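Right, one structure below, let's go through it.
The values are calculated or read from the model by the stated rules, or taken from the named source; none is laboratory data. Computed from a predicted structure; not experimentally measured. Methodologically, a virtual Cβ is constructed for each residue, glycine included, from the backbone with ideal geometry; neighbour enumeration extends over all protein chains shown.
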Amino acid sequence: MLPKSVVESAKQAQLNTLKSASAHKLPLLLSKLPHGVGGTRVAQHRWKGVSDEDTFWTVTRCKLRGGGHGSVYGRLTWKGKTVSKQPDELIRGASKYNWRFIEQH
């Protein structure tokens with residue numbers, strides 16, 4: 001059995017890799033988080049031209065299946081305004097587009 005510090009540093013290294021410039025499908029990205037997904041802010045990689053501070057999805061829940069697939073639900077904030085009609089709507093394109101984490105301040 002590995003010491004707890006080695007396991008924790010491996011988890012942190014994996015999380016740092018996911019935060020890098022490379023993008024991933026959203027269910028795969030969320031499956032690698034060491035904690036719950038509620039409140040995690042994400043954005044499509046192709047939204048790079050739009051400000052990260054005011055355009056993002058806030059993940060509320062997800063149903064993950066094996067192999068990095070699953071359904072992800074959340075609220076969309078676009079240019080500072082919440083535009084989701086429901087507090088918990090399906091994020092379309094979660095497995096189609098590349099996604100990245102948004103740093104929360």
Check: Residue check, residue 49 against (1) modelled with pLDDT under 90; (2) touching a Lys or Arg at 6+ places or on another chain (Cβ under 9 Å); (3) not polar (S, T, N, Q), all met but one. Which one?
Finding: (2)
Check: Are any residues in segment 62-84 touching a residue at least 12 places away in the same chain (Cβ under 8 Å) and either in contact with a His (Cβ under 6 Å, 6 or more places away or on another chain) or under 17 Å from residue 40 (Cβ atoms) (or both), and if so, which ones?
Finding: 62, 64, 68, 70, 71, 72, 73, 74, 75, 76, 77
Notebook entry, point to check: Do the conditions hold for residue 34, that is, is it touching a helix residue (DSSP H, G or I) at 6+ places or on another chain (Cβ under 6 Å), within 11 Å of residue 99 (Cβ to Cβ), touching a residue at least 12 places away in the same chain (Cβ under 8 Å) and not aromatic (Phe, Trp, Tyr)?
Noted result: no
Item checked: Selection within segment 46-55 - assigned to a loop (DSSP other than H, G, I, E, B) and either of a type in the set (Phe, Trp, Tyr) or surrounded by 16 or more Cβ atoms within 10 Å (Cβ to Cβ) (or both) -> 55
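Residues checked against (1) at pLDDT 90 or above; (2) touching a strand residue (DSSP E or B) at 6+ places or on another chain (Cβ under 7 Å); (3) within 14 Å of residue 24 (Cα to Cα):
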| site | (1), (2), (3) |
| --- | --- |
| 35 | no, no, no |
| 39 | no, yes, no |
| 42 | yes, yes, yes |
| 71 | yes, yes, no |
| 74 | yes, yes, no |
| 79 | no, no, no |
| 84 | yes, yes, no |
| 99 | yes, yes, yes |
